[in-house]
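One structure is given below, encoded as structure tokens.
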Amino acid sequence: MGTVESTGQTRLGVLVSGRGSNLQALIDAVSDGRVNGRIAVVLSNVAGVFALERAERAGIPTAVVDHRGWSSRDDFDRAVVAELQKHRVSLVCLAGFMRRLGKPVLQAFPDAVLNIHPSLLPSFPGLHPQRQALDHGSKLSGVTVHLVTEELDAGPILVQRPVPVLDDDTEDSLSARILAEEHVAYPAAVQTREPASSAFDRESRTSEVAGTTNGTRHQ
Ligand code: GRF
């Protein structure tokens, strides 16, 4: 309802908690046309974070919904939904948002909440996935953008990009290499969810592996 502009543009709500480099990647992708959408609001659960400054610089409305002080998680979720609906959001992008969202958000935005996670899910869900990859001696990690479901980091995968783990990697060096791929993966995943794309089904998911989409080399 009132979620897609007459121009066919998706209205994105980007949820952040910190530095916002993935938000910046989405801002840049919207501005150079790789994403045919508009960021309707950037919502943070923490005031004063750099992501909010990035949004303000780009002229995007911002909102802060502090996660503290609610009597239940659902109440916090409902406040987030109200803010997103106020801005007529149709697609919700969690971009370094450090709170888990539950039923109230998932029911308000069915199949329309995306998350980015710095590992090749289902490997290394949860906290510190880069450290988990190093601790396991994994030779390959990467990034996953997936639909959010009630189970943590377990929803259907939209886009993945692999990143090798090098012998001398530290958590910082691996995180930095994965982050560069995150900034490519998130706009690509949003693109799969736009109205021009067919409704979500298994076949419409884009799998990016080693720079290929459905076996075809790109960029
Ligand atoms: C990214 O690594 C993202 O995958 C994870 O949190 C980090 C957020 O970074 N969920 P940024 O705030 O987008 O720079």
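Laid out as a table, the results:
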read-out: Test: residue in the stretch 22-34 that is of a type in the set (S, T, N, Q), within 14 Å of the chain's Cα centre (by Cα) and within 21 Å of residue 143 (Cβ to Cβ); value: yes
read-out: So residue 95, is it closer than 24 Å to residue 154 by Cα, touching a residue at least 40 places away in the same chain (Cβ under 8 Å) and either aromatic (Phe, Trp, Tyr) or open to solvent by less than 20 Å² (accessible area, probe 1.4 Å) (or both); value: yes
read-out: Residues of the stretch 184-196 that turn out to be within 13 Å of the ligand (Cβ to nearest atom), buried (at least 19 other Cβ atoms within 10 Å of the Cβ) and not small (Gly, Ala, Ser), as a count; value: 2
read-out: Matching residues, the stretch 105-118, being buried (at least 18 other Cβ atoms within 10 Å of the Cβ) and either of a type outside the set (Phe, Trp, Tyr) or more than 15 Å from the chain's Cα centre (by Cα) (or both); value: 105, 106, 108, 112, 113, 114, 115, 116, 117, 118
read-out: Residue list for the stretch 141-170, filter: on the phi < 0 side of the Ramachandran plot, touching a helix residue (DSSP H, G or I) at 6+ places or on another chain (Cβ under 9 Å) and not in a strand (DSSP E or B); value: 148, 149, 150, 156, 165, 166, 169, 170
read-out: Residue that is in contact (Cβ under 8 Å) with a residue 40 or more places away in the chain and not aromatic (Phe, Trp, Tyr), where the choices are 136, 128, 117; value: 128
read-out: Cβ-Cβ under 7 Å pairs, at least 6 apart or on other chains, the stretch 11-39 side farther than 17 Å from residue 101 by Cβ, far side among the aromatic types (Phe, Trp, Tyr) and open to solvent by 20 Å² or more (accessible area, probe 1.4 Å); value: 19/50; 20/50
read-out: All helices (runs of 4 or more DSSP H) inside the stretch 41-133 with 2 or more residues being within 16 Å of the ligand (Cβ to nearest atom) and at pLDDT 95 or above; value: 50-57
read-out: Residues of the stretch 13-40 that turn out to be within 11 Å of the ligand (Cβ to nearest atom) and either in contact with a strand residue (DSSP E or B) (Cβ under 7 Å, 6 or more places away or on another chain) or not basic (Lys, Arg) (or both), as a count; value: 12
read-out: Flag for residue 64 being within 22 Å of residue 26 (Cβ to Cβ), open to solvent by less than 10 Å² (accessible area, probe 1.4 Å) and under 20 Å from the mean Cα position of the chain (by Cα); value: no
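The values are calculated or read from the model by the stated rules, or taken from the named source; none is laboratory data. Here the structure is a predicted model, which means the values were calculated and not measured. All Cβ positions, even for glycine, are placed from backbone atoms using ideal geometry, and neighbour counts span all protein chains on display. Quick note on the areas: whole protein, heavy atoms, side chains included, nothing else; ligands and nucleic acids left out. Shrake-Rupley method; radii C 1.70, N 1.55, O 1.52, S 1.80 Å.
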